[in-house]
Amino acid sequence: MKDNKESIKDAGNSCYHPMRFGEALESRGWLILLSVFSFYVSSAIGWLTYNATTGPSMRYFNITADQLLFFTDVNMYICLLLSFVGCWLAYKYFKVSLIVCTFVNGLAAWIRYLGGSNYMIALLCQILIGLAAIPLFGFAILVPDRWFPTKERFAVNSLSVFANYVGWTLGGLIPCFIVEDDETKIPQNTKVQAILLTIPFILAVTFGKERPNVPPSYSALVKQIDNKSFWKQLKTLLKTRRFIGSSLCFGIVLGLSNSIPTTNGIFMDPLQLSYLNQGLITAGYVVTGLISGLIGTFWIEKKGLKNIDFILKILLSISFFSLIALGVVFVYVENPNMLLILICNCVLGIGLIGFMPFGCSSIIESNFPIQEAVSTNVMSSLANILSIMASHLSVTSFVGKGGYLVLAGFMLPAWIYSMFFHKTEFKKQEADEKHQDIDKEVENSKLYGLNSSEKN
């Protein structure tokens, strides 16, 4: 009888560990999140280095506004052309690609500093920063699912994707504080940035790891044992009309959110606002979005993920009507003051920036068991295309002061689709919930078996 009891215990233990996902979690997950978060922040800082202070940068390099705009566009072109390769790298070689990309990012920042006012060297370094960033979106989406349990996944996803906007804030403010309107201080700014862009490499080398020893959830296990290739999964998605519609809708919103800082800078320049004030307006746009996104995240954590479509409709409505309001301000107000522009940008940020984690989660949930890096990348690619289109169209001469109304026109089909047609399918959430029920049954049967054996 003793042998029989031991065999039951062994059987119970053998099924207990693999079925109890979420136990034996590695604290390293938070350190890996910190590495990816810092990389996202530093990449955005590097991308916005010269565009935050347009006048001093043009004088420093002796270039035109179009050449300066190319500093911004080159990053988007690279991400557009190579984003699928980047997401494949994140999915297939997470640790190696994280270390290599953070190294290239930091190296480009130091070369840029040493290159001084040589425009071609600076442009080459912006290209390297763009190349290093191609797996970034894949990293940000992959980490929450691969390293964190179901109950923490949405909050971690929010933190992960919001890192880009934290980088926007710092990338807009740091040059304004250091350079102001004095181009001779640009080397000082690029040196500070080189130090900041080196930190993610140190973190990646110290804490990088491919995946945890035990999957944190049932859905993570499904992804881990999935043998379908990245490109086959992408082909499957591109045959799904609902996926195409949602990706196009959310890609429009993400593309518009990326174009706002550039559009803001060009429209505010004739108003003779100081660069510090312009930086504060961009910071207001981003910070209010971060706050609204975090509040929405806490609300979702309390009320449940299945309320996500309700939040999306609210945020996209705020975005759409805020763009119209900004358009009216610039068209009908002769010299809008800083406070009015700041208020409009803050409200716009609530919608556009706050939307990001909810849009990503909606697509990820609806397309399980497709890998996150695959399902969200179509949205990211569309965003790059639309951001370039929106940025250039909104500031062309024939549009005049109606640039924000043009952006509202871009937004209209996305708002209509989200309000009346989009619906999230919570396949991933339901898979984890069903597995939790099985988990409880196994645990109860194990206890029942042990109690019965002890009675015998």
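Tabulated results
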{"item": "Candidate set from segment 27-73 (those that are outside any helix (DSSP H, G or I) and of a type outside the set (Val, Ile, Thr)); member that is farthest from the chain's Cα centre (by Cα)", "result": "ASN62"}
{"item": "Flag if ALA431 is modelled with pLDDT of 65 or more, assigned to a helix (DSSP H, G or I) and under 30 Å from ASN75 (Cβ atoms)", "result": "no"}
{"item": "Criterion (within 21 Å of the chain's Cα centre (by Cα) and surrounded by 19 or more Cβ atoms within 10 Å (Cβ to Cβ)) met by exactly one of GLY167, GLY245", "result": "GLY167"}
{"item": "Residue count, segment 226-260 (criterion: in contact with a helix residue (DSSP H, G or I) (Cβ under 7 Å, 6 or more places away or on another chain) and either without any contact (Cβ under 8 Å) to a residue 24 or more places away in the chain or of a type in the set (S, T, N, Q) (or both))", "result": "6"}
{"item": "Residues that are surrounded by 16 or more Cβ atoms within 10 Å (Cβ to Cβ) and among the β-branched types (Val, Ile, Thr), drawn from segment 315-342", "result": "ILE318, ILE324, VAL329, ILE341"}
{"item": "Filter result for the condition that a residue is outside any helix (DSSP H, G or I) and more than 30 Å from THR150 (Cβ to Cβ), over ASN335, ASN277, ASN345, ASN264", "result": "ASN335"}
{"item": "Unmet criterion (only one of (1) touching an Asp or Glu at 6+ places or on another chain (Cβ under 8 Å); (2) without any contact (Cβ under 8 Å) to a residue 40 or more places away in the chain) for LYS223", "result": "(2)"}
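The values are calculated or read from the model by the stated rules, or taken from the named source; none is laboratory data. Quantities reported herein were computed from a predicted structural model and do not represent experimental measurements. Please note: Cβ atoms are built from the backbone with ideal geometry, for glycine as well, and neighbour counts cover all protein chains shown.
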